[in-house]
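To start, the structure itself, in structure tokens.
The values are calculated or read from the model by the stated rules, or taken from the named source; none is laboratory data. Not measured: the values here are computed from a predicted model. In this analysis, Cβ positions are derived from the backbone assuming ideal geometry, glycine residues included, and neighbour counts consider all displayed protein chains. When the accessible area is computed, the model is the full protein with side chains, heavy atoms only, and any ligands, DNA or RNA have been set aside. Shrake-Rupley method; radii C 1.70, N 1.55, O 1.52, S 1.80 Å.
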Amino acid sequence: MNQLNLSNITAQTPSISSSAMLVELNISVWTGRKFDKGVSAEVAINKQADNNSGNYNKKLFPNNPTFDAITKYAGNARTYHYHATMPWSDSGVRLLTTAMYFDYAKEISRMQMEFDALVEDFLKDYYNLVQSSQVKLGTMFDATDYPDVEDVRAKYRFNVRYSPVPEVGDWRVDVGNDALKELAQSYELAYQQNLETAYKDVWTRTHEALSRMSDKLSGNNKQIFRDTLVSNVTEMVDLLDKFNVTGDAEMRKAKDLISDALMGITPDALREDTYLRQETKSKVDALLKEFSW
């Protein structure tokens, strides 16, 4: 088994295995939709269209808040997951910093329990909801569209999996030193590209938050905006710190400058004070010019 010292190859690549981990979130929900061949054919006939011109997919639980709440909550969980992590690979695995781990683990565990509770509420009332759908669907109702409750349970899943970030130079395979070196260099390049993608995501989010603030602060009239106009940017200050797994100087600089620019700024003050809006917009615009987003 060959083992090659790759310290020279990886010297310029920051190791993040001690400051971050990989996390994968898998959420599955039942779509609750069913292709209705008969209705599709009927529509085609009524519209004098070809039989293959379109499909009608009916909702098995139309306008049902108990069923819809699960899908909505799954979307909220995914949104939080994407917000609290950074992209890492095309497979969907994302980078979670150790600085974010405890907050993430606590929140995603809470969301998992809430998701499971919503599923149980739906399953407990499943057969009553099927009967309710019969009334709403009329002649489109087909009892065979509805699986057994345990089969429905299997359609819902909420799993979180953590794994370490592999070290760039840890290769122990019997392929010969030349091939081993080539493999390590290939992985190092992918590793670096993944890190650059992760940081680009952070910069993009920061730029978008600042750009939205700049747009909303335009004009001299009292602006109508939500409190999140400010909180979205101040939250990015926190993330610029917690996502900075390599101690990037430019990211530290951005965090400090944004923090200083918005120190003491509140949404109410911006709404009421024209001069403060203009001054804050100038600071935000200067920040947008400062960095290569």
How big is the accessible area of Phe225 in square angstrom, nearest 10, if you roll a 1.4 angstrom probe over the protein chains? 20 Å²
Theoretical gain in end-to-end length, Ala249 to Val39 [0.36 nm per residue, Cα-Cα removed]: 69.5 nm
Evaluate the charge dipole of the stretch 66-168 about its Cα centre and quote only its size in Debye, nearest 20, assuming +1 on the Cβ of each Lys and Arg and -1 on the Cβ of each Asp and Glu. 300 debye
Once Ser163 and Ser89 are pulled to full extension, the length gained, defined as 0.36 nm per residue separation minus their Cα-Cα distance, is 25.3 nm
Out-of-range pairs (alpha-carbon distance over 31 Å; input Lys155/Lys255; Lys59/Lys216; Lys106/Lys200; Lys59/Lys200; Lys216/Lys242): Lys155/Lys255; Lys59/Lys216; Lys59/Lys200
Cα gyration tensor shape of the stretch 224-293, rounded if a/c is under 1.5, else prolate or oblate by comparing a/b with b/c: prolate
Sites Phe225 and Phe102, calculated FRET efficiency, Cβ-Cβ separation with R0 30 Å, nearest 0.05: 0.40
Accessible-area order (highest first, 1.4 angstrom probe) of the listed residues His81, His207: His207, His81
Orientation-averaged projected area, Cα convex hull of the stretch 29-105 (nm²): 8.1 nm²
Give the accessible area for Ser231 in Å² (nearest 10); use a 1.4 Å probe, count only protein heavy atoms, and leave out ligands, DNA and RNA. 50 Å²
Here the FRET efficiency for Ala69 versus Leu276, based on Cβ atoms and R0 = 35 Å and rounded to 0.05, is 0.30
Between rounded, prolate and oblate, where does the stretch 40-161 land on the alpha carbon gyration tensor, with a ≥ b ≥ c its root eigenvalues, rounded for a/c under 1.5, else prolate if a/b exceeds b/c? oblate
For Lys255, the accessible surface traced by a 1.4 Å probe with all protein chains present amounts, in square angstrom to the nearest 10, to 60 Å²
